[in-house]
1. How far is helix 51-63 tilted off the main Cα axis of the chain, in degrees rounded to 10, range 0 to 90?
2. Of the listed values (1) 1.85; (2) 1.06; (3) 0.95, identify the label whose number matches Cα Rg over 2.2 N^0.38 Å calculated from this model.
3. In the chain, which longest range has no trypsin sites (Lys or Arg not before Pro) that are both DSSP loop (not H, G, I, E or B) and surrounded by at most 14 other Cβ atoms within 10 Å?
4. Counting Lys and Arg as +1 and Asp and Glu as -1, what is the net charge of the other residues whose Cβ lies under 14 Å from the Cβ of Asn95?
Amino acid sequence: MEKETANREIEILIERYPCLSPLRERLCRCVDMLAESYRRGGKLLVCGNGGSAADSLHIVGELMKGFVLNRRIPQGLQADLMEHYPNEAPYYIQNLQTAFPAISLVSETALMTAYSNDQAADLAMAQQVLGYGRPGDVLLAISTSGNSANTVHAARLARVLGVKVVVLTGQGGGELAALSDILLDVPSRVTYQIQELHLPVYHALCLALERELFD
């Protein structure tokens, strides 16, 4: 039942944005890949530049707390909280939400500036993939052109480490296309139009993933 509900979120996306219909099968595969990673204890790494950096932060915000569902923490954890902190536990249980682990590779300002100054600015995201990435994790690389050097380097490191690569980009996918396990290239070559389509795509992925794992 969860699978059917999750796929319905992709169908709703296509109904609202018919131009994305060529991506239907790849979007469903992306949901499957992310769900499988999370079921096995994996995490999502997200990176991009400029507007895509903002999208990276936005995606993490949707995954690390409830998006549209009330993701109550597991009963076992609730019981443990009651045992250890009986006075505070009701407050924790009422407000804490089950998180899908996700890390934005654009938010560590001190790390990125230090690494860029000391080593190589275009490898700052790759360095974080090296530090965080484990086999079974997923990297979501966002680039409107598909040719952003730092996202390309991050994707290369991910493949070597056994981290799956999803690329969210514009038509054709640029250099990142060849590095992707799943290519989500929206049908435009105009930067702002690509970005306008990226938001409903990743919202649909977050919705479908939440339905798949929590509904």
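Only the coordinates and a few stated rules stand behind these numbers; no lab work does. What you are looking at is a predicted structure, and each value in this text was computed from that prediction instead of being measured. Note: ideal-geometry Cβ built from the backbone for every residue, glycine included; neighbour counts use all protein chains shown.
1. 20
2. Step by step, Cα Rg over 2.2 N^0.38 Å for this structure corresponds to label (2).
3. On the way: sites that count: Arg40, Lys65, Arg189.
Answer from the scan: 66-188.
4. Residues near Asn95 contribute +2 overall.
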